[in-house]
Amino acid sequence: MTVSTTNTRAELNGDGSATTFQCGYRVLADSDLQVYVDGVLKTLTTHYTVANAGTTTNATVTFTTGNEPPSGTANVVLVRNVPNTQTSNYQNNTALDAETLETSFDRGTMQIQQLSSG
C-alpha cells in the first residue's frame, strides 16, 4: 500500500439527513479516526462506525441512527489520529512479510504527516 495523500483532515458539510461521509484518505484502524460534529468529539460505535480501515480504500464514516449531523458548513470534521507508537515486532531469522513491513512504513508516514500538520 502507499500513502498517496498528505491529507489528515476532512471538513465536510452536514445536511441534517446524510449519514455517510468519506474522508478522502486511508486509516489503518477504526480508532485512528476522530470524528467531530459542531466541534464536539463523537464516540466510535456509539455515534458512528468506520468502514474500510486497514484497506487501500479511503475510510468512510457512517453515523448511527439518531446521530445524523445537522445542517452546517464544515461542521463534520474527520481527523486521522494515529497513536505515536510502533506496533510491529519483527523477529530475527524469520520470514519478513512485505505487507506487514509496508503497513509499518505507512503508519510511520501517517504519524509524520500528523506532526507536520498540527
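Numbers for the structure displayed
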item	result
Residue that is nearest to Thr46 (Cα to Cα), among those in region 62-97 that are of a type in the set (Ser, Thr, Tyr) and open to solvent by less than 60 Å² (accessible area, probe 1.4 Å)	Thr64
Looking only at region 1-32, and only at residues there that are part of a strand (DSSP E or B) and either in contact with a helix residue (DSSP H, G or I) (Cβ under 9 Å, 6 or more places away or on another chain) or of a type in the set (Val, Ile, Thr) (or both), the one that is nearest to Gln113 (Cα to Cα)	Arg9
Identity of the residue in region 33-49, touching a strand residue (DSSP E or B) at 6+ places or on another chain (Cβ under 7 Å) and part of a loop (DSSP other than H, G, I, E, B), that ends up nearest to Met110 (Cα to Cα)	Lys42
Options Val27, Val37; residue that is among the β-branched types (Val, Ile, Thr) and more than 8 Å from the chain's Cα centre (by Cα)	Val37
Filtered residues of region 93-118 (kept if in a helix (DSSP H, G or I), free of Cβ contacts under 8 Å to residues at least 24 places away in the same chain and β-branched (Val, Ile, Thr))	Thr100, Ile112
Complete set of residues in region 1-28 that are touching a strand residue (DSSP E or B) at 6+ places or on another chain (Cβ under 9 Å), among the polar types (S, T, N, Q) and at pLDDT 90 or above	Asn13, Thr19, Thr20, Gln22
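Matching residues to (1) farther than 24 Å from Asp97 by Cα; (2) surrounded by 13 or more Cβ atoms within 10 Å (Cβ to Cβ):
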| position | (1), (2) |
| --- | --- |
| Thr2 | no, no |
| Thr6 | yes, no |
| Ala18 | yes, yes |
| Gln22 | yes, yes |
| Arg26 | no, yes |
| Leu33 | yes, yes |
| Val37 | yes, yes |
| Leu41 | yes, no |
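The values are calculated or read from the model by the stated rules, or taken from the named source; none is laboratory data. The structure displayed is predicted, hence computed values, not measured ones. A quick note on method: Cβ atoms are made from the backbone with ideal geometry, for glycine too, and the neighbour counts reach across all protein chains shown. Remember, those area values only see protein heavy atoms, side chains included, never the ligands or the DNA or RNA. Shrake-Rupley method; radii C 1.70, N 1.55, O 1.52, S 1.80 Å.
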